[in-house]
Amino acid sequence: MRSRVARRRPDSVGRQNSEAPAGRRVPWRPPPPIEGRGDRAIQDSDTVFIVYRRTRPAEAAQMKLITHVREREWVVVAGYVLFVALMVAGYYYNITFVQLGLIDLGTRLVEMSETVVSLWMGALAIVTLVVAVATGVTMDRRGWSTDLRTKLRLLFGVVCLQFALTVVAPMIRTVPAFGAWVVLASLGLGVGFPVSFSLAIDLIPVPDRGYVAAAITAVAYFLANAIPLTWSVDVFSRLMVAAMAPGILVLAVLSFAGFDRLDTVLDALGAQHETYGTGRFCHGNPVQARSLAFAVPVVLMFGVFFVDSLGFLRIIDTPSLLLTSWQSPEVSTRLFIAVAHVVGAVMAGVIYANYSLSRVFLWTFALFALTHVMYTSDLRFAAVFPSIAGDGTSPLNPALYAVAVSFYTTLNFALWPDLSTPQTVGTHAAIGIGVAGWLATFSSTALALYFQAVELTLLSHLNVVQALSLLLLFGLAVGLYAKRVVELARGHGGASA
């Protein structure tokens with residue numbers, strides 16, 4: 001029989017829960033508002049974009065992880081490490097092997113046209129979304145969202161399936177085989193997203209989620225940019241097979257091994273959802289999937305994923321832009337971009353942990369708009385003054401692009417658990433990642449491949465992306481301004497009339 005140990009619960013805000021009786025779990029609550037500063041906690045589930053700050057600057061500046069390390073709460077620290085490792089591995093796999101490797105597989109090895117590959121990418125997105133929503137709803141209804149062992153076993157099955165698909169991918173040469181691979185990959189991705197993101201309620205305290213999301217983003221993108229690789233399915237396959245093999249072994253031990261020490265650790269981690277489970281934006285009234293509090297972030301995240309992929313896939317398909325940035329033969333250039341990813345992730349983590357969602361979204365849209373303005377301006381300048389412009393582009397362009405990508409990726413990792421409770425995290429993560437992540441990414445991937453097939457010029461393509469990014473930026477700014485005007489009008493109640 002597994003033993004369950006009574007733990008001293010690591011409190012999430014200051015040390016106000018330190019006098020709680022041993023074994024009694026005190027739910028996390030948002031800090032009280034500070035009078036005279038205009039700060040307030042989120043009370044209405046339909047109001048997501050409200051400033052959410054700490055009671056004292058020193059408390060938010062320090063991660064709770066530091067407290068856990070000082071007090072040698074190694075079980076809690078192990079949860080951080082496990083979550084970061086799993087999410088880094090999963091995201092690195094998706095941004096390299098799936099997004100880049102699958103395009104190379106379809107166009108080069110299977111010899112399909114870019115238009116046909118775009119259709120298959122759209123199918124991948126749709127099937128993944130359907131499977132993810134079905135998985136998330138099932139997790140919540142059957143109680144799997146709060147069962148750490150069950151989630152680890154589901155994740156083990158997903159990784160085994162992805163390992164097999166990674167091994168056979170370079171051998172595919174026919175369209176039917178490619179289609180079968182896409183369907184099976186969709187099943188693995190659809191199950192993997194809600195399972196992996198729901199682990200946050202077991203392993204990561206609410207105040208630390210922004211910082212942890214920043215760490216995941218920084219490590220994944222640093223590795224993806226600093227390690228020199230040819231972007232082909234063969235290279236990605238060899239690398240991922242070598243990386244996934246030990247991961248499968250670790251997940252097998254965590255999922256099925258039954259010795260006392262491991263059971264004690266997993267029981268302790270599995271009980272943490274009782275204190276970590278309610279997300280930052282769910283206190284007062286829990287956020288529902290049909291509410292504006294959930295729909296607005298999904299729409300905004302869909303927009304930013306769409307803009308990113310639509311621009312990036314055309315940029316990396318242009319040798320003059322690619323060879324001076326992400327595939328530069330100069331190690332210093334790739335490291336510059338990798339460091340820019342780290343800087344952007346750290347900035348986003350700090351802003352997310354201390355300010356409102358609107359602040360992070362505004363920063364993200366502003367960075368994307370500025371990035372594409374710089375790219376299109378360089379192209380126009382080169383067309384008018386070719387002798388002055390030269391062959392390459394400024395390294396500041398891809399670096400700024402990296403900062404923008406790190407901003408929204410950090411937000412993506414932290415947002416969905418913070419919009420959820422233990423009873424809704426599976427469904428919310430599935431919809432959020434399925435719609436705002438995969439559906440947006442591969443829809444824009446399909447559109448980017450279509451633009452190439454109809455021979456749309458590079459400048460015209462990036463003009464479309466620039467227009468979309470500016471539209472999102474100004475649309476969000478106008479929406480926030482209008483919302484503030486309505487709040488002020490209601491607050492004064494017609495006193496000035």
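Considering only residues in region 282-300 that are outside any helix (DSSP H, G or I) and open to solvent by 10 Å² or more (accessible area, probe 1.4 Å), the one that is nearest to residue 430 (Cα to Cα) turns out to be 289. Apart from one condition, residue 325 fits all of (1) farther than 30 Å from residue 424 by Cβ; (2) open to solvent by less than 40 Å² (accessible area, probe 1.4 Å); (3) not in a loop (DSSP other than H, G, I, E, B); the exception is (3). Of all residues assigned to region 382-393, none qualifies as being in contact with a helix residue (DSSP H, G or I) (Cβ under 8 Å, 6 or more places away or on another chain), at pLDDT 90 or above and open to solvent by 60 Å² or more (accessible area, probe 1.4 Å).
Quick check, is residue 116 modelled with pLDDT of 90 or more and part of a helix (DSSP H, G or I)?
No, not satisfied.
Condition first: surrounded by 19 or more Cβ atoms within 10 Å (Cβ to Cβ) and modelled with pLDDT of 90 or more. Can you find one or more residues in region 93-101 that meet it? Yes. Just one of the listed residues (293, 338) is under 23 Å from residue 197 (Cα atoms), in contact (Cβ under 8 Å) with a residue 12 or more places away in the chain and aliphatic (A, V, I, L, M), namely 293. When region 242-263 is filtered for residues that are assigned to a helix (DSSP H, G or I), more than 22 Å from residue 84 (Cβ to Cβ) and not charged (D, E, K, R), only 256 remains.
Identify, from the list 486, 464, 435, the residue that is surrounded by fewer than 11 Cβ atoms within 10 Å (Cβ to Cβ) and either in contact with a His (Cβ under 7 Å, 6 or more places away or on another chain) or not acidic (Asp, Glu) (or both). Even if it seems obvious, please write down each step before you answer.
Numbers: 464 fails: surrounded by fewer than 11 Cβ atoms within 10 Å (Cβ to Cβ); 435 fails: surrounded by fewer than 11 Cβ atoms within 10 Å (Cβ to Cβ).
After applying the criteria, what remains is 486.
Screening region 301-317 for residues that are modelled with pLDDT of 90 or more and open to solvent by 20 Å² or more (accessible area, probe 1.4 Å) and picking the one that is farthest from residue 402 (Cα to Cα) gives 302. Check region 247-268 and report whether any residue there is of a type in the set (Gly, Ala, Ser), in contact (Cβ under 8 Å) with a residue 60 or more places away in the chain, in contact with an Asp or Glu (Cβ under 9 Å, 6 or more places away or on another chain) and open to solvent by 10 Å² or more (accessible area, probe 1.4 Å). No, region 247-268 has no match at all.
Taking region 133-148 as the range and being of a type in the set (D, E, K, R) and either touching a His at 6+ places or on another chain (Cβ under 6 Å) or surrounded by 16 or more Cβ atoms within 10 Å (Cβ to Cβ) (or both) as the test, the residues that pass are 140, 147.
Of the listed requirements (1) in a helix (DSSP H, G or I); (2) within 29 Å of residue 280 (Cα to Cα), residue 420 misses just one: (1).
Filter region 328-363 down to the residues that are within 20 Å of residue 484 (Cβ to Cβ) and open to solvent by less than 10 Å² (accessible area, probe 1.4 Å), then identify the one that is modelled with the highest pLDDT. Checked region 328-363; the qualifying residue modelled with the highest pLDDT is 361.
May I ask you to list the residues in region 123-144 that are part of a helix (DSSP H, G or I) and free of Cβ contacts under 8 Å to residues at least 24 places away in the same chain? Spell out the reasoning first.
Residues of region 123-144 that are part of a helix (DSSP H, G or I), as a first pass: 123-142, 144.
Answer for region 123-144, where residues must be part of a helix (DSSP H, G or I) and free of Cβ contacts under 8 Å to residues at least 24 places away in the same chain: 141, 142.
The values are calculated or read from the model by the stated rules, or taken from the named source; none is laboratory data. As the structure is a computational prediction, the values presented were derived from the model and not from experiment. Heads up, the Cβs are rebuilt from the backbone with ideal geometry, glycines too, and the neighbour counts pull from every protein chain shown. Remember, those area values only see protein heavy atoms, side chains included, never the ligands or the DNA or RNA. Shrake-Rupley method; radii C 1.70, N 1.55, O 1.52, S 1.80 Å.
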